[in-house]
Each structure stands twice: as C-alpha cells, then as structure tokens.
Amino acid sequence: MSRIGLYFGSFNPVHNGHLAIAEYMLKYAPIDELWFVLSPQNPLKNPEELWSNEKRFELLKTAITGHSKMSISTIEWDMPKPSYTIDTLKKLSKIFPNVEFSILMGADNLEHIERWKSFEEILNHYKIFVYPRPKAVKNQHFQHSNVTVFDAPLMDISSTQIRETQ
C-alpha cells in the first residue's frame, strides 16, 4: 500500500517555507510521496485575497520542479466551494482505495482543528503529521493517537507576509 502525505493549502503564494516543510516531511514522516492539494477556496480565509487558481498552480509547479516525490492535486477545483478537507479525503480514498492518505499540517492548524468540518472524523481516521509553528498553543488534539508532532525547524514565514510586502 502506498503512503501519500497530503499538504493542503491555498499556497497564495507558495514559498520556501512550504518547500522546506515538504522536504522535511518526505525525509522524516512515514510517507512515500507528498501531494500539494491546491485549494481553490479555504472556508477559513478571505476568497478576495486569493490569486487565480492558474497562477497559484503555475507557481507551485515551478517550485516543485525536480522534486520527483512531490506533485500537485487539483481535485478540489471540481468540488463544491469552499473546500472541506474531510470531503477531499473521502473523495481521494474512493478514487485511490489502495493508498493510505495522511495529512501534513502546521501546529497552528491543529490548534484550531475544531473549526474544521467533521474534525473528529479526520482525527479518528487519518494520521496527521504536524510541523511546529511559532506561537502555536498545544491543546488536547496534540495528544491524539493519530497525531505525530515532528521536531522540525521552525518556519516563521507566511504567504500573508509575502503578499503584504509586494
């Protein structure tokens, strides 16, 4: 059975922090491949700040050129908006029944996972590999049996910071 780590995000824009995290997870997490799931509309973010799907895709494609174990999934582009992780996980699991999917996320996302649709189902049915984020507060979700927190280098950079400097 193939093991694929799903790195969900708007990647608005993708940056070196995303790539460093992806490379770290490919090296240390129990995954064979990493898919960047390019979300057309995150329900927790302002859609008016998003660059076009095509622009974000092209930037991400350029960023992962030469990384044979990284690819891009646009599965959410044809799904109802906004995108919900649980719906994407169910669809991918149906399309690829012989793949074990896990989720890669920052500690800041795990800290607020109760805001996600069907978050308990995600926690109970999928492995979650967490990389540290500055200022993230560890709560009870960090102790869940399906959650593994990695001792990765801290990445204090965000797409928001990059957009604001342009």
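The values are calculated or read from the model by the stated rules, or taken from the named source; none is laboratory data. This structure is a prediction, so every number in the text was calculated from the model and none was measured. FYI the Cβ positions are ideal-geometry reconstructions off the backbone, even for glycines, and counts take in every protein chain you see.
Restricting attention to the range 117-148, the residues being within 13 Å of Leu89 (Cα to Cα), of a type outside the set (Asp, Glu) and touching a helix residue (DSSP H, G or I) at 6+ places or on another chain (Cβ under 9 Å) number 8.
Checking each residue of the range 1-16 against the condition of being at pLDDT below 95 and more than 16 Å from the chain's Cα centre (by Cα) gives at least one match. Does Val137 count as of a type in the set (Val, Ile, Thr), free of Cβ contacts under 8 Å to residues at least 40 places away in the same chain and either surrounded by fewer than 19 Cβ atoms within 10 Å (Cβ to Cβ) or over 17 Å from Leu6 (Cβ atoms) (or both)? It is true that Val137 is of a type in the set (Val, Ile, Thr), free of Cβ contacts under 8 Å to residues at least 40 places away in the same chain and either surrounded by fewer than 19 Cβ atoms within 10 Å (Cβ to Cβ) or over 17 Å from Leu6 (Cβ atoms) (or both).
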